[in-house]
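Everything below concerns the one structure shown next.
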Amino acid sequence: MRLEAMAITMPEVADHPNRIPFEGVLTVVDEASTRPPSGARGHRVILTRDAARAALPSLLGMAVDYAPKWDGHDARAKCGIITEADVIGSQLRVRGYLFGRDFPEVVQQLQQSEAGNMGMSYELANAHVADMRAEVWTLTQATFTGAAILLREKAAYRDTSFRLSAGRCRNSNPVREHAGARLAAHSGWRFEKQSFGQIQRRKEV
Amino acid sequence: METENIFASLGDSIERLSSAASLLERTVAWLEQRETAAGGAVEKMTAAVEGQNELMERDRELRLKLEAAEQQIAELRAQSSRTVAARQTLPASTTQLLAKQGISMVDSIQAGALDSALTGLSLEQRIAVKAQLLRAGMLTQ
């Protein structure tokens, strides 16, 4: 299995009231969407692994948004931020924070939602389609501009997920450094600190 | 005089064939260009299912496209029938040559029957007559 990961270094703040960590599967790569995404003119789409991997940096720091009925996107209702993105197997997994103090009703509704009920949906810009005439569009290049938390049944990809994490985000400084050391020592993760405070890890199993 | 007419119409036919060939070349080039330009960009996409408004908008776009395509098909059909009607005419010189060989005006003639009917004509005359009949769409295999 191949893993590609990127994360933003976030300074640790103990018991930060406005950071509620989450994790989820944003999309699957190299697989056709279950239904046509909005903007794809009725075509189902495949986001290639290479395109997803190349677009990971664009995903970091982007916001997550929500619609009141959890049925789509509202790019102006940003209730959190993505701080980490991994391509693990066929899943593009993300982690980040919700602004819990600013959006208590969002956190409350997510806490009360049934397990497996919520999913995610990406927002792309400048997506390149290999062949516009193909029945299923293959996206070979794209830029992530954000993501939405929504009901899984409203996502174009059936196999997405979203849940509030029990603990802290693993990329907060002390946690990440500890985890990094542990992972580096025990499972071969390699951390490359980049000049803009971004952490990139690569591992092949 | 007749031979001059025949050569003139033969030249005309060659000119038409030449322009048809260049048109075909241009069409092939266009098709090749279209093939390479099959990829495209999408400005915005979200992986959520389309809402009712978006579905209605797409439905409207598809209806417009369908109407445009139907209109284009109707125009092409009309153009095609006009072309067929226009093609069903032969120069007077060719008609006269055919008449001299005992062939009166027909809708179409088979190539084999034409060969045997034109044995009295020179090779150049036979080529010219066949070219005119082909252009008129009246010669069948």
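Tabulated data for the structure shown
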{"read-out": "Output for segment A:86-111, where each listed residue is more than 27 Å from A:L47 (Cα to Cα) and aliphatic (A, V, I, L, M)", "value": "A:V106, A:V107, A:L110"}
{"read-out": "Considering residues of segment A:23-32 that are of a type in the set (D, E) and out of contact with any helix residue (DSSP H, G or I) (no Cβ under 7 Å at 6 or more places or on another chain) only, the residue most open to solvent (accessible area, probe 1.4 Å)", "value": "A:E31"}
{"read-out": "Residue count, segment A:65-94 (criterion: open to solvent by 40 Å² or more (accessible area, probe 1.4 Å), within 14 Å of chain B (Cβ to nearest Cβ) and within 11 Å of the chain's Cα centre (by Cα))", "value": "1"}
{"read-out": "Filter result for B:E43 (closer than 30 Å to A:V64 by Cβ, within 10 Å of chain A (Cβ to nearest Cβ) and part of a loop (DSSP other than H, G, I, E, B))", "value": "no"}
{"read-out": "Residue within segment A:12-26 that is more than 14 Å from chain B (Cβ to nearest Cβ) and in a helix (DSSP H, G or I) present", "value": "no"}
{"read-out": "Count of segment A:78-102 residues which are in a loop (DSSP other than H, G, I, E, B) and more than 16 Å from A:A32 (Cα to Cα)", "value": "4"}
{"read-out": "Close pairs from segment B:57-77: first part of a helix (DSSP H, G or I), partner open to solvent by less than 90 Å² (accessible area, probe 1.4 Å), Cβ under 8 Å, at least 6 apart", "value": "B:R58/A:G42; B:R58/B:E50"}
{"read-out": "Residue count, segment A:6-22 (criterion: at negative phi and either surrounded by fewer than 20 Cβ atoms within 10 Å (Cβ to Cβ) or over 17 Å from the mean Cα position of the chain (by Cα) (or both))", "value": "9"}
{"read-out": "Top-ranked residue of segment A:103-137 - restricted to ones that are in a helix (DSSP H, G or I) and loosely packed, with under 13 Cβ neighbours inside 10 Å, ranked as farthest from the other protein chains (Cβ to nearest Cβ)", "value": "A:P104"}
{"read-out": "Subset of segment B:34-49 [surrounded by 10 or more Cβ atoms within 10 Å (Cβ to Cβ) and at pLDDT 80 or above]", "value": "B:G39, B:G40, B:A41, B:V42, B:K44, B:M45, B:T46, B:A47, B:A48, B:V49"}
{"read-out": "Verdict on A:V45 being touching a Ser or Thr at 6+ places or on another chain (Cβ under 7 Å), in contact (Cβ under 8 Å) with a residue 24 or more places away in the chain and either under 18 Å from A:E123 (Cβ atoms) or crowded, with 21+ Cβ neighbours inside 10 Å (or both)", "value": "yes"}
{"read-out": "In segment A:29-64, the residues that are facing another protein chain (nearest Cβ under 10 Å), modelled with pLDDT of 95 or more and part of a strand (DSSP E or B)", "value": "A:V45, A:L47"}
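The values are calculated or read from the model by the stated rules, or taken from the named source; none is laboratory data. Note that the coordinates shown come from a computational prediction; the quantities given were computed from them, not determined experimentally. Note that we place each Cβ from the backbone using ideal geometry, even for glycine, and neighbour counts take in every protein chain shown. For the accessible areas, the whole protein counts, side chains as well, though only heavy atoms, and no ligand, DNA or RNA atoms are used. Shrake-Rupley method; radii C 1.70, N 1.55, O 1.52, S 1.80 Å.
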